[in-house]
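One structure below.
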Amino acid sequence: MTDPKKTTLHRYGLLLVPGFSSLSVALVTEPLFIANWLAGRSIFEWTTLSADGLAVRSSSGGLIAVDEPLSGEPQLPFDTVFVIASFEAPDSTRDPRLMNWLRRADRNGVRVGAIETGSEFLIEADIIRGGSIPVHWYNAKGSEELHPDLQITETLFAAAGKHPLSAGGSATADMMLDLIAQHAGDALASEVGKHLLVDSRRPGSRPQPSKGTKVAQFSESRDARDPVARAHALMEERIEEPISCAELAAMVGVSSRHLQRLFRARLGRGIEATYRELRLAKAHQMVQLTAISITEIAIACGFSSLEVFSRTYRSRFGVAPSRDRGQSLDASVYHSMATPPDAG
């Protein structure tokens, strides 16, 4: 059992990228503060950083001052560095100062991790080359298209290896409790969790909570007898080449009419609308998170023509797909419970 009184100091560097989430910073620093308070001494330190040392604007619009700019020194004074990013991350991945600093930190043995879209920096810098990469469900399909050779997962976090990664949101607090346990023991981590009103520490491998749609709840069902869950899984497998309602019903062993009734009763929409919503969800991520052409996206998401895709996308999101490239605060937002359009 680790004794917090004998634990050595662990130093964190928090690299804030324009558009970062203020919540992520709080979810990193507050558990560390509580751990220090409970231990009766500083066993963790943290320093906020930006590429130039100037204040960084968060996703909520506030300018947040940082402690230091990125250092040019070959020996970096940190044990762990987190890239904390959210919206507009691709713009900053083109900053050579930032990317070279991260590569140097990794080469010098610093544990380089990321929160939310911060993982994009580690991928672009060729720091992450394999293993599970937790990505927020909102960005997961786009990340899979961008990085088909990597293992993108809709899990909470991964903290066991050299590169601790959080998918964002409350998963960051779970990851920090895991990291506190690694450095100062399970007892202290559990006590920190109690002060944060956390009932139990969630493992990083746990799937992210429901994506906000009723259909997601059924897709996560383990009951092989559930025709809705089975039909939904088949829909996800056949996004590019959609199958008919009759084929779908036959594959799950019920009549088309019965399956339609089940979908409407349990999900509030029919099979066609549910299928179209899955295709639009993937299309929205591909439009905003990849450089794939609009025509290729239309084909990949099972639309019969570019015209049909553009009309359906505009009806759903209020903007043409060609004018919705790039994920930013001004871009369209995917509301999973919105009423789906009739076109398709």
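The values are calculated or read from the model by the stated rules, or taken from the named source; none is laboratory data. Quantities reported herein were computed from a predicted structural model and do not represent experimental measurements. Note that we place each Cβ from the backbone using ideal geometry, even for glycine, and neighbour counts take in every protein chain shown. Calculation scope for accessible area: heavy atoms of the full protein, side chains included, ligands and nucleic acids excluded. Shrake-Rupley method; radii C 1.70, N 1.55, O 1.52, S 1.80 Å.
At-a-glance table
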read-out: Two-site label geometry, residue 243 and residue 95: point separation in nm, points 7 Å out along Cα→Cβ; value: 4.8
read-out: Under 28 Å between alpha carbons - lysine pairs in the chain that sit 8 or more apart or on different chains; value: 12
read-out: Accessible area of the chain divided out per residue, in Å², using a probe of 1.4 angstrom; value: 47
read-out: Segment 53-202: equivalent-ellipsoid semi-axes (sqrt of 5 x gyration tensor eigenvalues, Cα, Å); value: 24, 20, 17
read-out: Listed residue (19, 231, 157) projecting farthest to the positive dipole end of the chain, Cβ model; value: 231
read-out: Segments 43-51, 80-88, 193-201 sorted - mean Cβ within 10 Å per residue, highest first; value: 80-88, 43-51, 193-201
read-out: All Cα pairs of the chain, percent lying beyond 26 Å; value: 54
read-out: Contour excess over end-to-end distance, with Cα ends at residue 205 and residue 333 and 0.36 nm allotted per residue; value: 43.4 nm
read-out: Long-range amide H partners of residue 111 with built H, under 5 Å; value: 80, 81
read-out: Segments 165-171, 94-100 sorted - mean Cβ within 10 Å per residue, highest first; value: 165-171, 94-100
read-out: Estimated translational D of segment 252-300 in µm²/s (Stokes, Kirkwood radius over Cα pairs; 4 °C; 1.567 mPa s); value: 104
